[in-house]
1. Using only DSSP helix segments of four residues or longer, with each worth -39500 (n - 2.57), what per-residue ellipticity at 222 nm results for the chain after dividing by its residue count and rounding to 500?
2. Below 29 Å, Cα to Cα, which lysines can LYS201 reach? Residues fewer than 8 away in the same chain don't count.
3. In nm, give the distance between the simple-model label positions of VAL165 and ASP312, each being 7 Å from the Cα along the Cα-to-Cβ direction.
4. Which of the peptides 236-247, 340-351, 211-222 is most tightly packed, and how do the rest follow, going by the mean number of other Cβ atoms within 10 Å of each residue?
5. Given H placed on each backbone N at 1.01 Å, which residues far from VAL303 in sequence or on other chains put an amide H within less than 5 Å of it?
6. Ranking request for peptides 85-96, 5-16: highest mean number of other beta-carbon atoms within 10 Å first, then the rest in descending order.
7. How long is the gain from ILE118 to GLU334 if the chain were fully straight, where each residue apart is worth 0.36 nm and the alpha carbon distance is subtracted?
8. Assign unit charges at the C-beta atoms only (+1 for Lys and Arg, -1 for Asp and Glu), then state the dipole size of the chain relative to its Cα centre in Debye, rounded to the nearest 20.
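None of the figures in this text is laboratory data; all of them are computed from the coordinates on show. Owing to the predicted nature of the structure, the values given are computational and were not obtained by experimental measurement. All Cβ positions, glycine included, derive from the backbone under ideal geometry; neighbour counts span all protein chains shown.
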Amino acid sequence: MSFIAKPKIDLPGQKRNELGLTQRDYEGSMSTLCAGCGHDSITAALVQALWELSVEPHRLAKMSGIGCSSKTPAYFVHGAHGFNSVHGRMPSVATGAVAANRDLICVGISGDGDSLSIGFGQFGHVIRRNLNMLYMIENNGVYGLTKGQFSASADPGSTAKKGEVNVMQSINPVATAISMGATFVGRSFSGDREQLVPLIKAAIAHPGCAVLDVISPCVTFNDHVGSTKSYAFTREHMLHATNVDLVMPASEITVEYGEGDTVPVKMHDGSTILLKKVDAEYDPTSRPAALGYLEKQRSRGYVVTGLLFVDDSLPEMHAISKTASTPLKDLAFEKLNPGRDALMKLQKRLK
Ligand SMILES: Cc1ncc(C[n+]2csc(CCOP(=O)(O)OP(=O)(O)O)c2C)c(N)n1
Ligand code: SF4
Ligand SMILES: [Mg+2]
C-alpha cells in the first residue's frame with residue numbers, strides 16, 4: 001500500500017504512558033482518505049485507546065481487507081505488524097496470525113462491504129470460532145473505495161447521492177453478530193470519541209471476538225439528506241443503551257454509579273468492564289433481550305449504541321482447540337516436529 005510518512009516532531013511536555021511512549025508513537029502514516037471521512041476519526045480513537053492501554057507496538061497485529069476502511073491500519077501504530085489482505089478475507093489471515101502467536105493483540109479493520117457482502121461467510125466463522133481479536137467494521141453504508149454503490153448495510157428507503165432509492169433490506173451487523181453467537185458486540189459513531197475510546201479498550205480486553213460496528217460517514221458519497229449513515233442522521237437518531245468504562249487491574253474502581261444500573265464484567269487479564277446501563281430496562285448480558293431491544297428501537301428509527309452484548313464465559317479459539325499455551329515461534333523444534341514414528345502412528349489411526 002502506498003503511504004506518505006508523517007514527520008515526527010517531539011514536542012516537550014507531551015504525556016507519556018506506562019511504556020514512556022507518547023500518542024505520537026501510536027500514529028502511522030499520513031492519511032490519504034478524503035478530508036472529513038469518518039474512518040480518520042476512528043483512527044484517532046484507536047490511537048488514543050492503544051496509547052492509554054500501553055500496548056507494546058510489537059505485540060500488535062493490524063489486519064484488514066480492501067476498501068477505504070481497510071486502509072486504516074496504515075494510519076496507526078507504525079511500529080506494529082500489519083497485513084492488508086484480500087477483499088473480505090481479513091478474518092482468515094487474522095485467524096492464521098492468532099493461531100500461530102496467541103500473544104498477539106489482533107485488531108482487524110473492515111468495511112460494511114468487506115464484511116457484509118464478499119466477506120460475510122468469513123465474518124460468521126471468525127465469530128463462531130471466537131478468535132481473540134477486535135473486529136471493527138467502519139460502516140458507511142456504501143462501497144466508498146469504488147465510488148459509492150449501496151452496500152448491504154444501506155437501509156431500505158435511504159437514497160444515494162444522485163437520488164436512487166435503495167429498495168433492498170439491510171444487514172444489521174450487530175444483530176447478526178449477536179444471533180451468530182458473538183461474545184462481545186458494540187456499536188458506536190465515529191463522531192463520538194468519548195464513547196468509542198472506552199469501547200475499543202473494552203473490546204481489546206475481551207478474551208474472544210469483540211465486534212464493534214462503528215457508523216463512519218462517507219463525506220464524498222453518503223453524507224446527504226436521505227442517507228441514514230450521514231453525520232446529521234446519526235447524531236439525531238443515536239440512542240445510548242449503555243456507557244462503558246474499563247478499569248485496569250492495578251486501578252481502584254472509583255467510578256460512581258447508582259444501584260442496579262451498572263454491570264461489572266471481569267476480564268481474564270484482571271481488568272473490569274463497568275457497563276453502565278443508560279436505559280435501566282436494557283440487559284446486555286442476555287442474548288434474546290439484546291436482540292429484542294435492538295429490533296424494537298430499530299423499528300422506531302433509532303441507532304442503538306454502546307456495549308450491546310457481552311458474555312465473558314465462552315471459550316476463545318485456543319481454548320476450544322486445546323492448542324499449546326506457547327506461541328509457535330517459541331516452541332522447541334522437537335515439539336513442532338513430532339518425528340517419523342508419531343506421524344506413522346497418526347497415519348495408521350486415520351486409515
Ligand atoms: C475480489 C474483489 N472484488 C471486488 C473488489 C472491488 N472493491 C474494492 S473495495 C470494495 C468495497 C469496499 O467497501 P467497504 O468495505 O464498505 O469499504 P469502504 O471503502 O466503504 O470503507 C469493492 C467492491 C475487490 N477489490 N476485490
Ligand atoms: S470515498 Fe468516502 S469512505 Fe472513502 S475516503 Fe472518501 S469519504 Fe472516506
Ligand atoms: Mg463502506
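1. Numbers: 10 runs with 96 residues, N = 351.
Calculated at 222 nm, the ellipticity per residue is -8000 deg cm²/dmol.
2. Qualifying lysines at Cα under 29 Å: LYS6, LYS8, LYS15, LYS62, LYS71, LYS229, LYS266, LYS276, LYS277, LYS296, LYS322, LYS329.
3. A separation of 4.8 nm, rounded to one decimal place.
4. Details: 236-247: 19.1, 340-351: 8.6, 211-222: 26.4.
The densest-packed peptide leads the list: 211-222, 236-247, 340-351.
5. MET238, LEU239
6. Values: 85-96: 20.5, 5-16: 8.2.
Packing order, densest peptide first, comes out as 85-96, 5-16.
7. Details: separation 216, 0.36 × 216 = 77.76 nm, distance 4.03 nm.
In short, 73.7 nm is gained.
8. Numbers: 35 positive and 34 negative charges, 302 e Å.
The dipole of the chain has a size of about 1440 debye.
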